[in-house]
Protein chains: 2
Amino acid sequence: MSTLPSAPHVGDIPPAEFRAAMHRAADLAADYLEHVGEYPVLARTEPGAVRAALPAAPPERAEPMEAILADYKRIVEPNLTHWNHPGFMAYFGITGSGPGIVGETLAAALNVNAMLWRTSPAATELEELVTDWMRQLVGLPEPFRGHINDTASVSSFIALAVARHRVPGLNIRAKGLAGRPEVPGLTVYCSDQAHSSIDKAVIALGLGHENLRKIPVDDAFRMDVASLDAAIAADRAAGRLPIAVVATAGTTSTTSVDPLPAIADVARREGIWLHVDAAYAGNAAVCPEYRALLQGWERADSIVFNPHKWLFTPVDCSLLYVRDVELLRSAFSLVPEYLRTPETGVTNLMDYGIQLGRRFRALKLWMVIRGFGAEGIRERIRLHCALGREFAEWVAREPGFEVVAPVPFSTVCFRATPRGSPESQDAANERILARVNDSGRVFLSHTQLRGRLVLRLTVGNLRTTREHVERAWALIREAASAS
Amino acid sequence: MSTLPSAPHVGDIPPAEFRAAMHRAADLAADYLEHVGEYPVLARTEPGAVRAALPAAPPERAEPMEAILADYKRIVEPNLTHWNHPGFMAYFGITGSGPGIVGETLAAALNVNAMLWRTSPAATELEELVTDWMRQLVGLPEPFRGHINDTASVSSFIALAVARHRVPGLNIRAKGLAGRPEVPGLTVYCSDQAHSSIDKAVIALGLGHENLRKIPVDDAFRMDVASLDAAIAADRAAGRLPIAVVATAGTTSTTSVDPLPAIADVARREGIWLHVDAAYAGNAAVCPEYRALLQGWERADSIVFNPHKWLFTPVDCSLLYVRDVELLRSAFSLVPEYLRTPETGVTNLMDYGIQLGRRFRALKLWMVIRGFGAEGIRERIRLHCALGREFAEWVAREPGFEVVAPVPFSTVCFRATPRGSPESQDAANERILARVNDSGRVFLSHTQLRGRLVLRLTVGNLRTTREHVERAWALIREAASAS
């Protein structure tokens, strides 16, 4: 009766081979993290070298896991920039900590899709639980409800989508923005230090990049609220409709914090959405002493911060908190027949954004919070900030160097100031950056402030100790004197 | 000189504890997959039970991994719907296969962010390599360039964003859609069987849900091209501008395939974007004999299919192929100073969408392709389709049952047809569904076709054998006769 092909290749790989490969992966992961400091932190790979080392066509026959893992060790692992390296002080330092890696491993084995409560009760409820734990840890009030997205880019995109959705009287969800004379130009505001994800969100939402107003900043790189007021007034006078302001708490260049209480006042007065992008600095609010810097964020309509940035959780894990979860749901919910379920009163995570598929990201965050404890997380954040401040003191004391922005957290913007034109100073700093990064022991990044090239050193990696920061400073000075 | 706090809690968890926890996780994963069939496939959890089993506040002190993993085993694992269960035949079956789980484990340990080539050369190049391997495996021509997104929802969103971006003369990226009398209403077309992600994309892009035209389907649930023609003509006559048509190759309800060659003709004639949503069925194109069903997709501007759906790769892994990668880049690229890098001629994956952060998703897909080989993947897809067809034959032969749609792949839409009104038939099928799902041995889902409730059985899980499909059929008949 059977019409099946006689198939020798069915099922998963044999259980014993899987178990052995997982134990091998456990050791590969543990070995890697014990020895990652021996790699050059910035990859020394030539463009194209990885592809060239691998067959251009897929294999016809199955290969044993042993062979695949050998290639992994030989070709993949060495050709990475090592974000786990204690000398990684570029962008924002991150760590996929032990508890987080264990969580990701198990999430991959479970392989549930938490689109509906019914398709994954524990994943849905653990996401509700850990986002509430995090809310408590950072001291946000109860009305805030969180969920997990992949990235802050998506979290901010969703927040601005809700801001657009709630514009009264226009029914943008149903009717859109185009071809409607009654819809005015919609404008969004952020400082000129805001993250590029805000630009991308505004473009993607069809608002137009030119309708994102980049408000100038003060001497400490914080949004100038008088300019914000003026921009909103000018837009209103021109018949445009301001819909949202994005305040950044911890800008990408300098980690400056916009004046949140004053911006919250403007948002309330103007009736516009306040989104706080705290992707990096929001994590620091686990320490009560850093909450003062974020004061006012509790008045936002939405807040994003990323445990995958500075809370030791493997990428990706971004938290979006909104005050009005029903509004979020009304912006996105759409339940086709095949996803209708009998349960009532439960959260279906698919309602909270554009993605139907949802990984079990809560598992790793739950393990991180338990694995370190609130106390352990606070101690680590404090250490990183102390290391940043200490580095800034060294720089400030050193002739021929300057710290170019305040250091509220663990990130320092600085530059060498050799005699010469601004352009020659930029070139000198660019050379210092290249030399330090070529050392393989430290990886720094750069930015531009007031039109000048600036170096950035940030501490956010669990493996980074004072010794590594000292080494970075020695390398920087060495590079400067060779410059 | 040090200003550091004396911090006992610094660094990651101790290396020995991490290594032991990873080996424990390896065994937990292997045990789980060996015994997953012993769980009820659909969770029997009461809403709120998981949260109630865990503390409402985060722990102050660190907990040992052993305690965390014990809670995982006790509270998390049993309170899931088991997508890995061989009796999971709802929605679309998926499997996070052994090689894929190993890949995710290592990706979590590496924890790189492949936003730029420089921040992760191997992750970037492996993504280019495996997406090209997949292009070859499914027989798409060379101009197609792929990249990996989290979900098909995001892949389709990006595709439609590019379609909107390329509308000539309007500079939508810079100027947006709102407040511009010169911008007509923009319209998008798909069949009334298209996935809800298309609705969400159109809403999110600011096009307006009402401007998504749901084209009726023929008897086999395929888009009616004459109706598409008519809808486009009517929109043009009304001054609206059609920008894209989404053809579905493997609809979510019945896995019907829209007439791709005819739709491609329309798209070419009208100068509009053709996006093919092949999230499920695109994977079947690894078998040459299924490519005939997808013929015409090679004329698309963009195509999505998901290895996390039917190619044994853990969620999330969605492939978006575009014909004109420069156009994709011009829709999204935005390089702030702090992400400027010296390399030229390399791919920076951040340019391909709204997300800056990018997990190393290529690693798992690379391991899956190698772990099964092209031949092994084909055999498994063939087996799943053969099982689906065989089940459909059983149903067709059984008095009191009917197959309600063609079965091109591994998914069968069917229903019991007891004597009575259509409403009483729906109620009977709803009861059958509930009884089968309550058994804990099989999980089916449902849909609605021509206004009637329909049951769906799909085979996509590596653990599902003929015996499981036979058991499902026995349970269904039993439930029907008890009904």
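The table below lists the values:
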item	result
Per-bin percent of Cα-Cα distances, the protein assembly as shown [10 Å]	2, 12, 22, 26, 21, 12, 4, 1, 0, 0
Label 7 Å beyond Cα on the Cβ vector: B:Gly400 copy-to-copy distances, nm	9.2
Considering only chain B, percent of DSSP beta bridges that pair antiparallel, nearest 5	60 percent
Calculated FRET value between A:Ala396 and B:Glu337, using beta carbons and R₀ = 25 Å, to 0.05	0.60
Nonlocal amide H pairs with B:Arg213, under 5 Å, H built at 1.01 Å	B:Val188, B:Tyr189, B:Cys190
Sequence ranges B:311-324, A:220-233, ranked by mean other-Cβ count within 10 angstrom, highest first	B:311-324, A:220-233
For residues of B:308-320, the mean tally of beta carbons on other chains within 10 Å	3
Cα-only Debye scattering, the stretch A:47-131: base-10 log of I(q)/I(0) at q = 0.17, 0.23, 0.24, 0.26 Å⁻¹	-1.01, -1.12, -1.16, -1.24
Shielding by partners, peptide B:120-132 (average Cβ within 10 angstrom, other chains)	6
DSSP-defined beta bridges in the protein assembly as shown - what % are antiparallel, rounded to 5	60 percent
Spatial separation of Cα centroids for the stretch B:257-309 and the stretch A:128-160, in angstrom	37 Å
Label-zone membership for the stretch A:342-358, site A:Arg329, 7 angstrom Cα→C-beta point, backbone N under 18 Å	A:342-356
Zero-based 20 Å bins, Cα pair distances in chain B, whole percents	21, 50, 26, 2, 0
If the convex hull is drawn through the Cα atoms of the stretch B:369-481, its volume per residue in Å³	100 Å³
By average C-beta atoms within 10 angstrom, highest first, the peptides B:89-99, B:24-34	B:89-99, B:24-34
Calculated diffusion of the stretch B:1-157, Stokes-Einstein form, Kirkwood radius summed over Cα pairs, 37 °C and 0.692 mPa s, µm²/s	164 µm²/s
Largest-first ellipsoid semi-axes for the stretch A:112-233, taking √(5λ) over the Cα gyration tensor eigenvalues, angstrom	31, 22, 13
Whole-Hz couplings from phi, Karplus 6.51/-1.76/1.60, listed for the stretch A:207-215; x for Gly and Pro	7, x, 4, 5, 8, 9, 8, 8, 6
Whole-percent pair-distance distribution, where bins are 10 Å wide, for the alpha carbons of the stretch A:337-424	13, 22, 18, 18, 16, 9, 4, 0
Virtual paramagnetic centre 7 Å along Cα→Cβ of A:Asp27, amide N under 16 Å, in the stretch A:60-79	A:65-74
Where Rh is the Kirkwood radius over Cα pairs, Rg/Rh for the stretch A:113-359	0.97
Most to least packed among B:114-127, A:162-175 [average Cβ atoms within 10 Å]	B:114-127, A:162-175
Convex hull volume per residue for the stretch A:236-371, taking Cα atoms only, in Å³	161 Å³
Dimensionless Rg over Rh [the stretch A:282-354; C-alpha; Kirkwood]	1.08
³J(HN,Hα), Karplus 6.51/-1.76/1.60, whole Hz, each residue of the stretch A:65-76, x for Gly, Pro	4, 4, 5, 5, 5, 5, 5, 4, 5, 8, 10, 7
Label 7 Å beyond Cα on the Cβ vector: B:Glu289 copy-to-copy distances, nm	7.0
Column: log10 I(q)/I(0), Debye, Cα scatterers of the stretch B:217-266, q = 0.27 Å⁻¹	-1.03
Cβ neighbours within 10 Å from other chains - mean over B:445-451	3
Centroid-to-centroid separation of the stretch A:68-122 and the stretch A:369-426 [C-alpha atoms, Å]	28 Å
Built amide H within the under 5 Å cut-off of B:Trp273, gap 5+	B:Ala244, B:Val245
Pairs of Cα atoms farther than 13 Å apart, the stretch B:15-82, %	71 percent
Label point 7 Å beyond Cα along the C-beta direction, distances from A:Glu210 to other copies (nm, shortest first)	2.8
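All of the numbers you see were taken from the coordinates with simple rules; none came from a lab. Predicted, not measured: the structure shown is a model, and the values here were computed from it. Cβ atoms come from the backbone with ideal geometry, glycine included; neighbour counts cover every protein chain shown.
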